[in-house]
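The values are calculated or read from the model by the stated rules, or taken from the named source; none is laboratory data. If you're wondering where the values come from, they're calculated on a predicted model, not measured in any experiment. Here the Cβ positions follow ideal geometry from the backbone for every residue, glycine too, while neighbour counts run over all protein chains shown.
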Amino acid sequence: MPQAPARRTQAERSASTKAKLVEATIDCLVERGYAGTTTLAVCERAGVSHGSLLHHFGRRETLMEAVLGIAYERLQSRVVSGFQALPAGEPRVSAMVDLMWSAFGAREFKAVLELWLTAANTPRPAWAERPEARALDAGQVELAEALFPDFAERVPDFPVYVSLLVQTLQGMGLAQATLPESSEAALRRGQVRALLSRILREAFTGAR
């Protein structure tokens, strides 16, 4: 006689509900923008009651703060796990461009953009003060220094090159998220990434 499936614990049910609310919030931010990401819209998309959202997050701003932290964690993890799977040395240079672009082209980055723009154009919400929101560029420089210690040590302008890469890809991510897509725009983005790869390879491998 088949056994009945084990009942989930309260902690497991709670974690599942919070995860549904976070995913629904990211989807709403991507599809509706911040203004359209109401608590009612999030609950409807997540398939949970409004009382559950209030129980787990209390206020809309608390939910946004949680989503911002999770989005940054995922974007950072995407880059870190990708680099860790690569061999050491020069091959990582071109891969750095592609992996960082995979983060800036992700749905989580679109959600982060919505929160950035909201923080810039409204009285600053509490979640805008998170360290990740204030120091994305610096964080990427620190990450690159940890992943490329040999280049970071011998390339004098290493942080500047990383900032160039990050800020260029951020700009392309913003354009992709907010402007109508076209084959020409996609082609140009590929050309820009190829140019960035060449600039970094020449700068990093040329420094001795």
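Values for this structure:
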| quantity | calculated |
| --- | --- |
| Subset of the range 173-194 [modelled with pLDDT under 90, in contact with a helix residue (DSSP H, G or I) (Cβ under 8 Å, 6 or more places away or on another chain) and among the hydrophobic types (A, V, I, L, M, F, W, C)] | L174, A175, A177, L179, A185 |
| The range 31-56, residues that are buried (at least 17 other Cβ atoms within 10 Å of the Cβ) and closer than 15 Å to L115 by Cβ | Y34, T37, V42 |
| Looking only at the range 186-205, and only at residues there that are of a type in the set (S, T, N, Q) and within 19 Å of F151 (Cα to Cα), the one that is surrounded by the fewest Cβ atoms within 10 Å (Cβ to Cβ) | T205 |
| Residue within the range 53-60 that is touching a Cys at 6+ places or on another chain (Cβ under 9 Å) and either modelled with pLDDT of 80 or more or farther than 30 Å from F148 by Cα (or both) present | yes |
| Residues of the range 107-145 satisfying the condition of being within 15 Å of the chain's Cα centre (by Cα), at pLDDT 75 or above and of a type outside the set (A, V, I, L, M, F, W, C) | R107, E108, K110, E114, Q140 |
| Where a residue in the range 144-165 is polar (S, T, N, Q) and its partner, wherever it lies, is in a helix (DSSP H, G or I) and surrounded by 15 or more Cβ atoms within 10 Å (Cβ to Cβ), with Cβ under 7 Å and at least six apart | S163/V141 |
